[in-house]
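Read the figures in this text as sums done on the coordinates, not as results from a lab. If you're wondering where the values come from, they're calculated on a predicted model, not measured in any experiment. Note that we place each Cβ from the backbone using ideal geometry, even for glycine, and neighbour counts take in every protein chain shown.
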Amino acid sequence: MTTMTPEQAKTEALARFSDPGPDHLNCAQTMVCFATLTSGWEPDVVTGARYFGGGVAGMGETCGALTGTALALGLRDMYLGDAVSNDLPDRTRSFLQELIRDFAAEFGACRCNDLTGFDLSTPEGHDAFMLSEVRQRCQDYVGWMMDQITPVLLDSEAV
C-alpha cells in the first residue's frame, strides 16, 4: 500500500466520512483510515473500528474521534512491533489523556450525545442527525484529531 502525506490522507479520509453512500466511514473508522493512509498499513484494519462510531455502537458515549484515535495508536504500536520502546505505552497513554482533556476543552465535551445533541441509538435520531448541519461539527472533531496525532503517527518518539 502506498503511503500518503498527512494532508492527502486527511482529505481522503474526510471524503469517506462525508460520503453518504456505501463508502461512508464513521468517525472512529475515519481516524483509523487516516492512520492507515498516513502509515501505509493494511486497509483491512479500518473495519475494526466499525462499532466505535456514534459513541460506541451509536449509544452516545465517548466520541468516535477519540476512540478511533486510541485504536489507531494501538495499531501503530502493533505495526511497530519490536521497534516499540519499553516506555512507549506509558508515553502514549499520557499523550492520549492530555489529548482527551484538550478535546474536551476545545469542544466542550467528549460524549457523542453531548457533542451532537442527537440520540444516535434510535433510527429517528440517527436519521435526523444525518440530515442535520451538526454532522459538519463531527467532521471538525475528526479533522482536529487528525492534526493532533499526525506527528505521533509519523514518529513514535513524538510522544
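The table for this structure:
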quantity: Estimated 222 nm signal from helices in the chain, with DSSP H stretches of n ≥ 4 weighted -39500 (n - 2.57), rounded to 500; calculated: -20000 deg cm²/dmol
quantity: GLU98-THR5 FRET efficiency (beta carbon distance; Förster radius 25 Å; 0.05 resolution); calculated: 0.50
quantity: Nearest 10 degrees, 0 to 90: helix 64-80 Cα axis against the chain principal axis; calculated: 20 degrees
quantity: Karplus-derived HN-Hα couplings along the stretch 43-49 (A = 6.51, B = -1.76, C = 1.60, θ = phi - 60°), whole Hz, x at Gly and Pro; calculated: x, 4, 5, 4, 4, x, 9
quantity: Potential extension, TYR51-PHE107 segment - 0.36 nm per residue separation minus Cα distance; calculated: 17.9 nm
quantity: Per DSSP, loop GluC sites (Glu not before Pro) in the stretch 72-159 with at most 12 further Cβ within 10 Å; calculated: GLU133
quantity: Gyration tensor verdict on the stretch 15-70 (Cα atoms; rounded if a/c is under 1.5, prolate if a/b is larger than b/c, oblate otherwise); calculated: oblate
quantity: Leading residue at positive end of dipole, the stretch 6-158 (Cβ point charges), from ASN113, LEU153, PRO89; calculated: ASN113
